[in-house]
């Protein structure tokens, strides 16, 4: 049986096409410029490299199925018309059998999309491969080349600052920003640890992460920090933990890890844009040291 191939297209939105990660623990939406689409692309959030054929959104798949059905019907009717037309020509001149065929001439209906691509908040051009893409919130990788470096961190920081400045509830935005900053740290460390052996921590805590990289790679991610910098980043990680797991209240566990803040016990965790900015600066120093340790050697 021969295989029939149809070409159907997906409309773009200002030149961009929506993509959706197919990993169950991700499934997040992003957009890539149609001129940049590759046969295989990385999810900008989890970094998984996947065939473009498996990055269609559910709405796009339904649209493609409808268009393909119409193409198939058009082809099927054409083949039937051709078959019966040939049969009618063969019977011409036969006085015993009279057969007439009226072609159906079916034409595929024009199928318009019943969905709209989502709007996203950030557009980026990868400095490594000039891949143009758009993402929601923080991300870790270029979809085109998989680059994961400090330029990605800087782009994420810009996104977080904008979300804080535009929020109608600055405290709520700061709580999310503290968490997103630690999530960025976790993403970077997870990717660097792929090439290392040893049992991996969650990378959501500072000192277990330090111990892991020191034992497995010989790099001390906190070595270049001053005492004030170390205090700043400790405070950011612990306040993030309070926001995530203690309903934003300073607990005994927090005080045990941050004895400098004992007077805050029982209070709402204090958050500020200044503290966030200071923590982001220190975290950049840590991740820059980590990236330099694992940068490709020429």
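What to note about this one:
- Residues satisfying the stated conditions in segment 24-33, i.e. surrounded by fewer than 16 Cβ atoms within 10 Å (Cβ to Cβ) and at pLDDT 90 or above: 27
- Lone qualifier among 226, 251, 232 - being in contact (Cβ under 8 Å) with a residue 40 or more places away in the chain and either under 25 Å from residue 167 (Cβ atoms) or assigned by TED's automatic domain parsing to the domain that holds residue 163 (or both): 232
- Any chance residue 182 is in contact (Cβ under 8 Å) with a residue 40 or more places away in the chain and outside any loop (DSSP other than H, G, I, E, B): yes
- Just one of the listed residues (197, 163) is outside the structural domain of residue 44 (by TED's automatic domain parsing), modelled with pLDDT under 90 and farther than 22 Å from residue 137 by Cβ, and it is 197.
- Boolean, residue 214 is under 24 Å from the mean Cα position of the chain (by Cα), farther than 16 Å from residue 269 by Cβ and either assigned by TED's automatic domain parsing to the domain that holds residue 283 or not in a helix (DSSP H, G or I) (or both): no
- Meets criteria (assigned to a helix (DSSP H, G or I) and loosely packed, with under 14 Cβ neighbours inside 10 Å) for residue 281: yes
- Taken together, the criteria place residue 210 among residues that are buried (at least 17 other Cβ atoms within 10 Å of the Cβ), without any contact (Cβ under 8 Å) to a residue 24 or more places away in the chain and farther than 21 Å from residue 172 by Cα.
- Considered as a group, the residues in segment 128-143 that are touching a helix residue (DSSP H, G or I) at 6+ places or on another chain (Cβ under 6 Å) and at pLDDT 75 or above include one that is nearest to residue 15 (Cα to Cα), and that residue is 132.
- Residue 222 meets all of the listed conditions (1) surrounded by fewer than 18 Cβ atoms within 10 Å (Cβ to Cβ); (2) over 25 Å from residue 47 (Cα atoms) but one, namely (1).
- Total residues in segment 253-273, condition closer than 16 Å to residue 234 by Cβ, in a helix (DSSP H, G or I) and under 37 Å from the mean Cα position of the chain (by Cα): 6
Residue-wise test of (1) in contact (Cβ under 8 Å) with a residue 60 or more places away in the chain; (2) closer than 18 Å to residue 125 by Cβ; (3) surrounded by 15 or more Cβ atoms within 10 Å (Cβ to Cβ).
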residue	(1), (2), (3)
11	yes, no, no
16	yes, yes, yes
20	no, no, yes
41	yes, yes, yes
52	no, no, yes
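The values are calculated or read from the model by the stated rules, or taken from the named source; none is laboratory data. Computed from a prediction, not measured in an experiment: that's the story for all the values here. Every residue, glycine as well, gets a Cβ built from its backbone with ideal geometry; the counts of neighbours run over all protein chains shown.
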